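Take a look at the structure set out below.
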Amino acid sequence: IIPSSTGAAKAVTKVIPSLQGKLTGMAFRVPTIDVSVVDLTCKLGKETTYEEICAVIKAKSEGEMKGILGYCDEPLVSTDFESDSRSSIFDAGAGIMLNPSFVKLVAWYDNEW
């Protein structure tokens, strides 16, 4: 496992300009054929629960973001997401609520798709 830089945070701010200056990131290079994971730590503007966050993401993945955002609550590994065309698959079982306004979210994506 090799700590490295990534352009992912910069790319996100090009798509969502309001996140400029609020987002940074780093990568851990692991010798796998493909599939990457995002570990996103967020300080929230209002208190919530992990269950509420999961419910919103699941609803979006089944509604307006179907085919773009996925939702997974099964214990899967990186190879399970190979050739998945969705931009991001939220892993409900991997995230944690650190406190009511601080959460760690995890999502998978096939970086070679």
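The values are calculated or read from the model by the stated rules, or taken from the named source; none is laboratory data. Please read these numbers as outputs of a predicted model, since none were measured by experiment. Here the Cβ positions follow ideal geometry from the backbone for every residue, glycine too, while neighbour counts run over all protein chains shown.
A Cβ distance below 6 Å, combined with a sequence gap of six or more or placement on separate chains, defines the contacts here; from the stretch 65-77, residues that are of a type in the set (D, E, K, R) reach residues that are assigned to a loop (DSSP other than H, G, I, E, B) in the pairs Asp73/Ala92; Asp73/Gly93.
Just one of the listed residues (Ser61, Ser88, Ser101) is touching a residue at least 24 places away in the same chain (Cβ under 8 Å) and more than 19 Å from Leu23 (Cα to Cα), and it is Ser61.
Filtering the stretch 53-73 for residues that are touching a helix residue (DSSP H, G or I) at 6+ places or on another chain (Cβ under 9 Å) and either of a type in the set (Phe, Trp, Tyr) or modelled with pLDDT under 95 (or both) leaves a non-empty set. Ser36: of a type in the set (Gly, Ala, Ser), without any contact (Cβ under 8 Å) to a residue 24 or more places away in the chain and in contact with a strand residue (DSSP E or B) (Cβ under 9 Å, 6 or more places away or on another chain), yes or no? Answer is no for this residue. Against the definition (closer than 18 Å to Phe102 by Cα, of a type in the set (Val, Ile, Thr) and at pLDDT 95 or above), how does Thr41 come out, yes or no? No: the conditions fail for Thr41.
Could you check how many residues of the stretch 58-113 are among the β-branched types (Val, Ile, Thr) and either in a loop (DSSP other than H, G, I, E, B) or surrounded by fewer than 17 Cβ atoms within 10 Å (Cβ to Cβ) (or both)?
Just the residues of the stretch 58-113 that are among the β-branched types (Val, Ile, Thr), to begin with: 68, 77, 79, 89, 96, 103, 106.
Right, trim to either in a loop (DSSP other than H, G, I, E, B) or surrounded by fewer than 17 Cβ atoms within 10 Å (Cβ to Cβ) (or both) and you get 68, 77, 79, 96.
The number of residues fulfilling the criteria is 4.
Of the residues making up the stretch 35-50, those that are more than 16 Å from the chain's Cα centre (by Cα) and not polar (S, T, N, Q) are Gly45, Lys46, Glu47.
Are there any strands (runs of 3 or more DSSP E) wholly within the stretch 1-56 with 1 or more residues that are among the charged types (D, E, K, R), and if so which? Steps first, please.
Details: elements: 2-4, 27-29, 36-43.
Ranges flagged: 27-29, 36-43.
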